[in-house]
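Following: one structure in structure tokens, then a few remarks.
The values are calculated or read from the model by the stated rules, or taken from the named source; none is laboratory data. The structure displayed is predicted, hence computed values, not measured ones. For neighbour counting, all protein chains shown are included, and Cβ atoms are generated from backbone atoms with ideal geometry for every residue, glycine included. Areas reflect the complete protein model, heavy atoms only, side chains present, ligands, DNA and RNA absent. Shrake-Rupley method; radii C 1.70, N 1.55, O 1.52, S 1.80 Å.
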Amino acid sequence: MSSYLDELNDVQRAAVTTTEGPVLVIAGPGSGKTRVLTYRIAHLLQQGVAPWEILTLTFTNKAAREMKERIENVVGARAQSLWAGTFHSIFARILRTEASKLGFPSSFSIYDTDDTTSVLRAIIKEMSLDTNVYNASAIRSRISLAKSNLISPKAYRENADMMQQDRAAKRPYIVDIYEKYVARCQRSGAMDFDDLLFQLYRLFRDNPDQVLEKYQKKFRYIHVDEFQDTNFLQYAILRRLVKYPGSPENVFVVGDDAQSIYAFRGATIDNILDFEKDYPLLKTFKLEQNYRSTHHIVSAANEVISFNRRQLNKTIWTDKVDRHKIKLLRCVTDDEEGRRVADLILEQKHRYHLPNHDIAILYRTNAQSRKFEEHLRRLNLPYRVFGGTSFYQRKEVKDFVGYLRLAVNPLDEEALRRVINFPTRGISDATVDKLSAVAGASNIAMWEAMLSPQLDVTDRARKSLATFRHMVEDWQKRVASEPASRLAAEILRKSGLFDALKGDTSPEGISRLENVNAVLDAISEFADSPGLPAEAPAPAGVAEPGIFPQAGAAVSDRSLSAYLQTITLLTDADEKNDGNDHITLMSVHSAKGLEYKSVFVTGLEENLFPSFMSMEDPNGLDEERRLFYVAITRAKEFLTISFSKSRYRFGSLRESNPSRFLDEIGGQHYELLGGIGSGRGPAAAQNQQQPVTQPRAGVSGNFANPRMRAVTRPAAPIAIPAGFKVSPVEDIVPGVTVLHLKFGEGKVTSVEGPKDNKVATIQFKNDDMPERRIVLKFAKLQVM
DNA sequence: GTTTCGCATCTTTTT
DNA sequence: GATGCGAAAC
């Protein structure tokens, strides 16, 4: 058999070669998930499946790109014609082709979260509602929730539950806002993130023969990466694509319920459970060997996740030998945390010769990056911050992009509002409000309302409007014919934006100008890049066939319009690597799917990690725990966890307690680090005075002063009985009653697994889980 | 019509 | 600490 199959273990190979029918791969962290996915696709190509018949939905565009590259290494240039990308970007591509069927222009705009919030704010204001009660971003999440559950404004009004909730929250007009919002998006020729899913669903539902069937036939093999993070709507679309009479149901999904961290966005592990129900012929493979991390790290991760109430059965194990324990860094202030992490990085770099790209600092909230940046800069260590306000969210960039969007789609009201009077050109807020009122009254776009006879403004304003309109009309005419980069450069000058920025010689002003120029560069690069698939001369004349001409063209679409749709859907992870060797700083969410030799997981404090937003709700806490699980499993060799006793948050210094998650790691896996900064400054001195209880081996990590912890967890902790003695593994057999330090008394129902890695299923008496699977080599159990 | 400043508000994670 | 909003000054 081909050599690439030899690089797989038995389970991996079985998954890769099961090409027909529905397949579910449950893949623990570091278990070679990407490898399985790429080899499976390569395998399909080797067997003669055409690349454009294979659809792969990933979480980031970068993941898709890397996958393509790896496949290319196996099968060559054909890989470039694969359909691979995020749900949102692939769907946007399909929508672009089919937009007219939904009453949208094919160059529709995509509203990001800011745009959406701003539209909502305008609607709320126009409706004269109390902005304290009707908070735009809260309404946005409410509408997003509705869309993700396929609830249209009409359905919302008929939905007793939703309406009742709104009345209870004293916000009965949400449904009206929702209705207006949808109308406004439609007349603006704009879709928000949820629309990219919602509208595609509508498209498929309402055009089963002309549209849906075409795609069902086209995509003979469909793959989904990070399946645990798909939401209801994404799954509903997937199901329509895959499940129909006569379908071969060639759908291959890869996921890990323990790494599901997007419940707040509607993702649910129910999808995995539903998947088993929806596809009776499903074959399931479990990848349980972790090739990434050392034993201490894997064990700590297993212990932490065992505290969650609901999980699929699996046991992650590794044969990597330990060299280093997990380090626990206890700090007094967030500044000390920043300093010690930076110092430790320097030390690790020297002692183990780590390049910067082997190192990552992870945190729960983006706001935490600051302190680390300060201290890395102090030590001259190069770093890069991912997330937070991305490049495309900066004001000057949004302004420029606003002009570009308007040239491509003048109906786009958000773009229009943004740029109509910036730089100022004599069009006042009052005039804009009037425009908006006319637009609302006759349900036309504001762009069209400029010409309406009903528009009652001063002659001066009318003149300003006409000048502005002519300027945009000119661009609009040329957008289809002229090279994107040339037109964009002209728009930058003619709009007056360039002069406005040039006038500002402050350092910030200069950097704003640089940013805008960077957009120009990006457009040139985008326009000049050889267009991914179709144009790369496919070997032996295998271009994507004509049954799907437009989409084939869309693949290599280098227009301004294509550029704009692309950038809105970029994720942090997609940001281009500048080729420099730098330390990575990012949120734990963004780190999903990545790995580093040395990882610092920071800010392990109650109300921060787990977040105060999740503390009330047990499901929320479980999600935070999965997030922590994701964080620690990013590390291959060195894992350092830090927390601080106090921290600046929301503008003032606050006390904080160590995170409950720390107690869930067994003491044998970590060591408390004596301050590097000992004797340096008051914080360090104070730190030394703190009495520190060293963890006792064998007892669940109780590193911190116990009085600091008001413990709340599913199973109430029980007192350690005098004379508790851990029984040897051999004594744990089915039928015996055991005592567990966390879960109390329980009965062993079964024991399985290899001799050195036995797993027992135990029913605990006072526990809200029917049963738990306990990895015996880590557990502290006494036979009673 | 435009700019600036002070005040209030809201702070998670992301496509 | 960042952002939005309204009022006052230009």
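Quick notes on this structure:
- Count of the stretch A:29-47 residues which are in a helix (DSSP H, G or I), closer than 17 Å to A:GLU226 by Cα and open to solvent by 10 Å² or more (accessible area, probe 1.4 Å): 4
- The residue that is nearest to A:TYR201 (Cα to Cα), among those in the stretch A:225-270 that are within 16 Å of DNA strand B (Cβ to nearest atom) and of a type in the set (S, T, N, Q), is A:GLN234.
- Verdict on A:PHE275 being modelled with pLDDT under 95 and either in contact with a helix residue (DSSP H, G or I) (Cβ under 8 Å, 6 or more places away or on another chain) or farther than 25 Å from A:ASP617 by Cβ (or both): yes
- Residues of the stretch A:274-301 that are open to solvent by 10 Å² or more (accessible area, probe 1.4 Å), aromatic (Phe, Trp, Tyr) and in contact with a strand residue (DSSP E or B) (Cβ under 8 Å, 6 or more places away or on another chain): A:PHE285 alone.
- Extreme residue, nearest to A:MET191 (Cα to Cα), among residues of the stretch A:409-432 that are away from DNA strand C (no atom under 13 Å from the Cβ) and of a type in the set (Gly, Ala, Ser): A:ALA415
The rows are residues; the columns are (1) under 28 Å from the mean Cα position of the chain (by Cα); (2) among the hydroxyl-bearing types (Ser, Thr, Tyr).
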position: A:ALA301; (1), (2): yes, no
position: A:SER306; (1), (2): yes, yes
position: A:LEU312; (1), (2): yes, no
position: A:TRP317; (1), (2): yes, no
position: A:LYS325; (1), (2): no, no
position: A:THR333; (1), (2): no, yes
position: A:GLU336; (1), (2): no, no
position: A:ALA342; (1), (2): yes, no
position: A:ILE345; (1), (2): yes, no
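- If you filter the stretch A:48-71 down to residues that are assigned to a strand (DSSP E or B) and polar (S, T, N, Q), you find that the one that is nearest to A:TYR262 (Cα to Cα) is A:THR58.
- Residue check, A:PRO423 outside any helix (DSSP H, G or I) and crowded, with 21+ Cβ neighbours inside 10 Å: no
- Residue satisfying all of: in the stretch A:122-139; in contact (Cβ under 8 Å) with a residue 12 or more places away in the chain and not in a helix (DSSP H, G or I); surrounded by the most Cβ atoms within 10 Å (Cβ to Cβ) among these: A:TYR134
- Residues considered: A:SER428, A:SER442. Of these, the only one that is more than 16 Å from DNA strand B (Cβ to nearest atom), among the small types (Gly, Ala, Ser) and without any contact (Cβ under 8 Å) to a residue 40 or more places away in the chain is A:SER442.
- Qualifying residue in the stretch A:205-217 (condition: in contact with a strand residue (DSSP E or B) (Cβ under 9 Å, 6 or more places away or on another chain) and either in contact (Cβ under 8 Å) with a residue 60 or more places away in the chain or open to solvent by 40 Å² or more (accessible area, probe 1.4 Å) (or both)): yes
- Count of residues meeting criterion [crowded, with 19+ Cβ neighbours inside 10 Å and either over 22 Å from A:ASP574 (Cα atoms) or not basic (Lys, Arg) (or both)] in the stretch A:49-70: 14
- Residue within the stretch A:310-319 that is more than 16 Å from DNA strand C (Cβ to nearest atom), open to solvent by 20 Å² or more (accessible area, probe 1.4 Å) and outside any loop (DSSP other than H, G, I, E, B) present: yes
- Members of the stretch A:592-625 that are out of contact with any Ser or Thr (no Cβ under 8 Å at 6 or more places or on another chain) and either free of Cβ contacts under 8 Å to residues at least 40 places away in the same chain or surrounded by 19 or more Cβ atoms within 10 Å (Cβ to Cβ) (or both): A:LYS592, A:PHE612, A:MET613, A:SER614, A:MET615, A:GLU616, A:ASP617, A:ASP622, A:ARG625
- Residue match in the stretch A:329-339 (condition: open to solvent by 30 Å² or more (accessible area, probe 1.4 Å), farther than 22 Å from A:ARG625 by Cβ, within 16 Å of DNA strand C (Cβ to nearest atom) and of a type in the set (Val, Ile, Thr)): yes
- The residue that is nearest to DNA strand B (Cβ to nearest atom), among those in the stretch A:99-121 that are surrounded by fewer than 22 Cβ atoms within 10 Å (Cβ to Cβ), of a type in the set (D, E, K, R) and part of a helix (DSSP H, G or I), is A:ASP114.
- A:ASP358 vs. criteria more than 16 Å from DNA strand B (Cβ to nearest atom), touching a residue at least 40 places away in the same chain (Cβ under 8 Å) and under 30 Å from A:TYR262 (Cα atoms): yes
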